[in-house]
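Each remark here refers to the structure printed beneath this line.
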Amino acid sequence: MTSNNQRAELQAQIWKIANDVRGAVDGWDFKHFVLGSLFYRFISENFTSYIEGGDESVKYAELSDDVITPEIKDDAIKTKGYFIYPSQLFVNVVNNADDNDDLNTDLAAIFSAIESSANGYPSEQDIKGLFADFDTTSNRLGNTVENKNSRLADVLKGVKGLKLEGEFKDSSIDFFGDAYEFLIHKYAANAGKSGGEYFTPTNVSQLIAQLAMHKQEKVNKIYDPAAGSGSLLLQAKKHYDSHIIEEGFYGQEINHTTYNLARMNMFLHNINYDKFHIVLGNTLMNPQLGDEKPFDAIVSNPPYSIKWKGSDDPTLINDDRFAPAGVLAPKSKADFAFVLHALSYLSSKGRAALVCFPGIFYRGGAEQKIRKYLVDNNYVETIIALAPNLFYGTSIAVTILVLSKHKKDSKTQFIDATGEDFFKKVTNNNEMTDAHIGKVMQMFDTKEEVAHVTTTVDNTKIAENDYNLSVSSYVEPKDTREKIDIEELNKEVAITVKKIDRLRANIDKIVKEITS
């Protein structure tokens, strides 16, 4: 079976399980139990593989907890970031799930033990609270302990049934990571507006990652100031050799549930705790990764036009991130606050690729002043208009802003990727394929001129246009109106008139004959 077939079979399996076991529970509410169970299985098998070290004579799951020495535990936590005793492994819990009257409380205790095993170690903050949303006592699982245990057992057995064992060790495909991202993708697609808050569609993520990493032989680290589930950061790992990103993956996320998803996502894609640093908090008001900057690659899909304190907090205008522009983003629209934050964290050799709401590129007021700052300082490399309906929960045609601090000219590129050559229709959404992404990257790389698609404009022209950065202001749309040859049309009209004259003459003749 080919890798793609294996992946398709796995995805069909896991979505069937997710729907079969949830019963009457809403899928959006039930996602934590399926995602959490998949994560629990992954770290159990990953930890077992580490302990056994390829020695087939060692069967960690069959060992007694008593044989674990403090030295073994200490060494494992320093390497893996956490510890799981044999009795706590997924395989042992699921095998006894149907007969365990205390399944829900046992699971809660196991999750707490795994998290607390990292206390006092460098991995503590990366492990703490990982299972917080896997609430085994939740009434969403049922109103009685018996109902909760039955539902939990069904979920665990369903996840156990996924064909991941052989592929986990032998395949180049990241099956656990694929399964996890597929589930997040499906839940987001079915969740309406809320789904887009924490998951950027894979195809758009690929484009953003490639833009930020383009022609960088290596980057110190990659950062997402609105990390969501980590999907954007992980695209950089999927498309580039791991050694290119030297110090790892960094992000900040304001939503606690999504923050947990992002950290789980890192582990599930085999990124060890010492290679990622995802933090919880408000990026604009309480940035926590300032000591880690600058970053050679920044990717982000920040929330569109949300409210923030802005001018209500007089200290913000003196913030190193916002002060250079001399003005704050409007209180009702924080879009440019995220842009300026990203620019502040960008290294002199790096790039930032950010998904933006189109309105920020042409509105007046403070936003126009910020655009002036960006253009006059030559930070804007490329602006790309994408097709509508690419994102979950919104039909708007978003725009990608590419920032750079190492441009060699004072020009800005505009790409109109809204046409049918840049997406395909998939049910209710549009989707960019690898070929579509390749077209955009080709134009981004060469800065070639393509009529009605892309052009590069001198920044003086942008200044003359009141710093309007809307793609449609510079890329002339293709005239799809039918072209008419006036001379040929006049000839046809003349012929038609002659025919009408002859017809009238014949009619007059007939009428005269009838009436005479």
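The values are calculated or read from the model by the stated rules, or taken from the named source; none is laboratory data. Computed from a predicted model, the values in this text were never measured in an experiment. Methodologically, a virtual Cβ is constructed for each residue, glycine included, from the backbone with ideal geometry; neighbour enumeration extends over all protein chains shown. When the accessible area is computed, the model is the full protein with side chains, heavy atoms only, and any ligands, DNA or RNA have been set aside. Shrake-Rupley method; radii C 1.70, N 1.55, O 1.52, S 1.80 Å.
Please list, in chain and number order, the residues 5+ apart from Phe276 or on another chain whose amide H is under 5 Å from its amide H, with Hs placed from the backbone.
Long-range HN contacts for Phe276: Phe249.
For region 358-516, what does the relative contact order come out to in percent, with C-alpha contacts under 8 Å and a separation of six or more? Walk me through the numbers on the way to the answer.
Values: 195 pairs, mean separation 36.0, N = 159.
In percent, rounded to a whole number, it is 23.
What percentages, rounded to whole numbers, describe P(r) for the chain computed over all alpha carbon pairs with 20 Å bin width beginning at zero?
20, 46, 22, 7, 4, 1, 0
Tell me the angle of helix 486-515 to the major Cα principal axis of the chain, expressed in degrees between 0 and 90 and rounded to the nearest ten.
The helix 486-515 is inclined about 60 degrees to the chain.
Could you let me know the centre-to-centre spacing of region 73-128 and region 346-378, using Cα atoms, in angstrom?
Their Cα centres are 46 Å away from one another.
Please state the shape class of region 323-413: rounded when a/c is under 1.5, otherwise prolate if a/b exceeds b/c and oblate if not, all from the C-alpha gyration tensor. Numbers along the way, then the final one.
On the way: a/c = 1.76, a/b = 1.25, b/c = 1.41.
Here region 323-413 falls in the oblate category.
Using alpha carbons only, how many degrees (0 to 90, rounded to 10) separate the axis of helix 70-80 from the longest principal axis of the chain?
10
Whole-Hz ³J(HN,Hα) for each residue in region 245-259, computed from phi via Karplus 6.51 cos²θ - 1.76 cosθ + 1.60 with θ = phi - 60°, x for glycine and proline: what do you get?
8, 6, 10, x, 10, 10, x, 10, 9, 7, 8, 5, 4, 5, 4
So what's region 215-307 giving for Cα Rg divided by 2.2 N^0.38 Å, two decimals?
Numbers: Rg = 12.5 Å, N = 93, 2.2 N^0.38 = 12.3 Å.
Compactness ratio reported: 1.02.
Taking only protein heavy atoms and a 1.4 Å probe, what accessible area per residue, in Å², does the chain have with all protein chains in place? Please list the in-between numbers first.
Details: 24320 Å² over 516 residues.
With all protein chains present, the chain gives 47 Å² per residue.
Could you tell me the relative contact order of region 288-361? Use alpha-carbon pairs under 8 Å, at least six residues apart, and round to a whole percent.
Values: 106 pairs, mean separation 33.3, N = 74.
Relative contact order for region 288-361 comes out at 45 percent.
Once you wrap a convex hull around the alpha carbon atoms of region 362-416, what is its projected area averaged over all directions, in nm²?
4.6
Assigning unit charges at the beta carbon (Lys, Arg +1; Asp, Glu -1) and nothing else, what dipole magnitude in debye, to the nearest 20, does the chain show about its Cα centre? Intermediate values should be presented prior to the final figure.
Details: 57 positive and 73 negative charges, 465 e Å.
I would put it at about 2240 debye.
Normalised by the number of residues in the chain, what is the relative contact order in percent for Cα pairs under 8 Å and 6+ residues apart? Intermediate values should be presented prior to the final figure.
On the way: 818 pairs, mean separation 55.0, N = 516.
Reported relative contact order: 11 percent.
Angle check, please: helix 103-116 long axis (alpha carbons) against the longest principal axis of the chain (alpha carbons), in degrees 0 to 90, nearest 10.
Computed tilt is about 90 degrees.
Counting only protein heavy atoms and using a 1.4 Å probe, what share of the accessible area of the chain belongs to carbon plus sulfur, as a whole percent? If you can, show how the numbers build up before the last one.
Values: 11650 of 24320 Å².
On the chain, the fraction of accessible area on carbon and sulfur atoms equals 48 percent.
Which number gives the lysine pairs in region 239-342 that have C-alpha atoms under 12 Å apart and are eight or more places apart or on different chains? Could the numbers behind the result be given before it?
Details: Lys307/Lys331; Lys307/Lys333; Lys309/Lys331; Lys309/Lys333.
The result is 4.
Taking amide H positions as placed 1.01 Å from N in the peptide plane, with prolines and chain starts having none, which residues 5 or more places from Thr382, or on another chain, fall under 5 Å of its amide H?
Under 5 Å from the amide H of Thr382: Val402, Gln413.
In whole Hz and in residue order, list the ³J(HN,Hα) couplings for region 443-450 that follow from phi through the Karplus curve 6.51 cos²θ - 1.76 cosθ + 1.60, θ = phi - 60°; x for Gly and Pro.
Once θ is set to phi - 60°, the couplings for region 443-450 become 5, 5, 5, 8, 6, 5, 8, 10 Hz.
Can you pull out the trypsin sites (Lys or Arg not before Pro) in region 255-312 whose DSSP state is coil and whose Cβ has at most 13 other Cβ atoms within 10 Å?
Details: sites: Arg263, Lys275, Lys307, Lys309; in loops: Lys307, Lys309.
Listed in order of number, the matching sites are Lys307.
Can you tell me how region 22-166 classifies by the Cα gyration tensor, rounded, prolate or oblate, using a/c under 1.5 as the rounded cut? Present the calculation step by step, with values, prior to reporting the outcome.
On the way: a/c = 1.94, a/b = 1.56, b/c = 1.25.
Here region 22-166 falls in the prolate category.
For region 438-508 and region 212-269, what is the separation of their C-alpha centers, rounded to whole Å?
44
Could you give each residue of region 128-143 its phi-based ³J(HN,Hα) in whole Hz, using Karplus coefficients 6.51, -1.76, 1.60 with θ = phi - 60°, and x for Gly or Pro?
Residue by residue, region 128-143 yields 4, x, 4, 9, 4, 8, 8, 7, 6, 9, 5, 5, 5, 7, x, 8 Hz.
Would you please give the residues with an amide H less than 5 Å from that of Val453, counting only those at least 5 places away or on a separate chain, with H modeled from the backbone geometry?
Counting only residues 5 or more places away or on other chains, the set is empty.
Using a 10 angstrom Cβ neighbour count of at most 10 plus a DSSP loop assignment to flag exposed GluC sites (Glu not before Pro), which longest range of the chain is free of such sites?
On the way: sites that count: Glu56, Glu217, Glu482.
So the longest stretch without any such site is 218-481.
With both bridge residues required to lie in the chain, what share of the DSSP beta bridges run antiparallel, to the nearest 5%? It would help to have the intermediate numbers written out before the result.
Details: 20 of 41 bridges.
The antiparallel proportion sits near 50 percent.
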